[in-house]
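Read the structure below first, then the notes.
The values are calculated or read from the model by the stated rules, or taken from the named source; none is laboratory data. Note that this is a predicted model, so its numbers are computed, not measured. Using ideal geometry, Cβ is built from the backbone for each residue, glycine included, and neighbour counts are taken over all protein chains shown.
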Amino acid sequence: MRDRALSGSAYLLGTLATAVATVLALPVLFVPTAARRWADLHRRRAGRLLGVPPDGRRVGRRVPAWALAHVAVGFPFGLAALLCLGNVLVAAVALPLWWALPVLARLHARLCLAVLAPSARERLTEK
């Protein structure tokens, strides 16, 4: 299960990057050979994730429709994966800090009292 989560996360993060690249390289996709190569690359990636061997057929007129679907679905799904992985990292940092907060608060309070306490000379002049 863990391997599937990691491979799925990596796939979706790659999808986010390639969805952005697809938008940025949209004019290049009007060149048929470049568009076919880009679509074939994604078909191989998807086949590797699902364990489906490539069938060897070339994509044709479906490339523009695929590019739109890839951007429309791949960008939000990839963004969701990025946010989830980011939240895991934040939780890994925040959880130990949460339990350290009382200790840090006491340390800060002691520091404040030590720095703001009257000096020995000031205490002598008060007497």
Residues satisfying the stated conditions in the stretch 54-77, i.e. charged (D, E, K, R) and at pLDDT 85 or above:
none
Does Leu85 satisfy the condition of being surrounded by 10 or more Cβ atoms within 10 Å (Cβ to Cβ), closer than 30 Å to Thr18 by Cα and not polar (S, T, N, Q)?
yes
Can you pull out the residues in the stretch 1-38 that are at pLDDT 85 or above, among the hydrophobic types (A, V, I, L, M, F, W, C) and within 16 Å of Gly78 (Cα to Cα)?
Ala10, Leu12, Leu13, Leu16, Ala17, Ala19, Val20, Ala21, Val23
Of all residues in the stretch 33-59, which are more than 28 Å from Asp3 (Cβ to Cβ) and either of a type in the set (Val, Ile, Thr) or touching a residue at least 24 places away in the same chain (Cβ under 8 Å) (or both)?
Thr33, Ala35, Arg36, Val59
Checking the condition in contact with a helix residue (DSSP H, G or I) (Cβ under 8 Å, 6 or more places away or on another chain), of a type in the set (Gly, Ala, Ser) and without any contact (Cβ under 8 Å) to a residue 60 or more places away in the chain, which residue from Ala100, Ala94, Ala81, Ala67 passes?
Ala67
Suppose we filter Asp40, Asp55 for residues that are charged (D, E, K, R) and surrounded by fewer than 11 Cβ atoms within 10 Å (Cβ to Cβ); which single one remains?
Asp55
Could you check, for the stretch 36-53, whether at least one of its residues is outside any helix (DSSP H, G or I) and touching a helix residue (DSSP H, G or I) at 6+ places or on another chain (Cβ under 6 Å)?
no
Every residue in the stretch 54-77 that is over 21 Å from Ala10 (Cα atoms), not acidic (Asp, Glu) and not in a helix (DSSP H, G or I), please.
Gly56, Arg57, Arg58, Val59, Gly60, Arg61, Arg62
Of everything in the stretch 9-37, what is among the polar types (S, T, N, Q) and either surrounded by fewer than 15 Cβ atoms within 10 Å (Cβ to Cβ) or under 15 Å from Pro64 (Cβ atoms) (or both)? Give them in sequence order.
Thr22, Thr33
Do we find a residue being modelled with pLDDT of 90 or more, within 22 Å of the chain's Cα centre (by Cα) and hydrophobic (A, V, I, L, M, F, W, C) anywhere in the stretch 100-114?
no
Residues located in the stretch 1-34, provided they are outside any helix (DSSP H, G or I) and not small (Gly, Ala, Ser):
Met1, Val31
Can Ala94 be described as modelled with pLDDT under 90 and among the hydrophobic types (A, V, I, L, M, F, W, C)?
no
